[in-house]
Amino acid sequence: MTEARILIVEDDQVLLENLAEILRSEGFEVLTAEDGRKAQMIASEALPDLIVSDVMMPDMDGLEVCRRVAARGETPILMLTARGDAMDRVVGLEMGADDYLPKPFEP
């Protein structure tokens, strides 16, 4: 059985590395991207089983990444962000996210 492939999209390098390490220790294959454009490229080439994406990023925000990825396929998307109010969650879910996890969170 192949391990599940997770793409983490996060511009905070420390959080990106910590989350990647946690997921690798649980047996997942982890791909990373520091911005939305790179995430979109990796998602179309590597076809991850799950995308965990920050919302607020330079270049292309996570909501736009979510909209574009959701329009192309069935990859589940978990939005991970410091913006955790109800309206932000509604917008994220309407853009195609499957769930929304506010920061900070317990690994």
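A few remarks follow.
- Extension gain from residue 14 to residue 64, taking 0.36 nm per residue of separation minus the Cα-Cα distance: 15.7 nm
- Distance from the range 58-73 to the range 26-49 (C-alpha centre basis), Å: 12
- Average accessible area per residue (Å²) across the chain - probe 1.4 Å, nucleic acids and ligands excluded: 57
- (1) 57, 34, 21; (2) 54, 23, 18; (3) 38, 30, 25, with the label sought being that of the calculated Cα extents along the principal axes in Å: (3)
- Pairwise label distance in nanometres, residue 94 with residue 45, each label 7 Å out on the Cα-Cβ vector: 3.4
- Apportionment of accessible area to carbon and sulfur, the chain, percent (1.4 Å): 53
- Gyration tensor verdict on the range 1-42 (Cα atoms; rounded if a/c is under 1.5, prolate if a/b is larger than b/c, oblate otherwise): oblate
- For the pair residue 86 and residue 26 in one chain, pulling the backbone fully straight at 0.36 nm per residue adds 18.5 nm over the alpha carbon distance.
The values are calculated or read from the model by the stated rules, or taken from the named source; none is laboratory data. Just so it is clear, the structure is predicted and the values come from calculations on it, not from any experiment. Positions of Cβ are backbone-derived with ideal geometry, glycine not excepted, and every protein chain shown enters the neighbour counts. Protein only, heavy atoms only, side chains kept; ligands, DNA and RNA dropped before computing areas. Shrake-Rupley method; radii C 1.70, N 1.55, O 1.52, S 1.80 Å.
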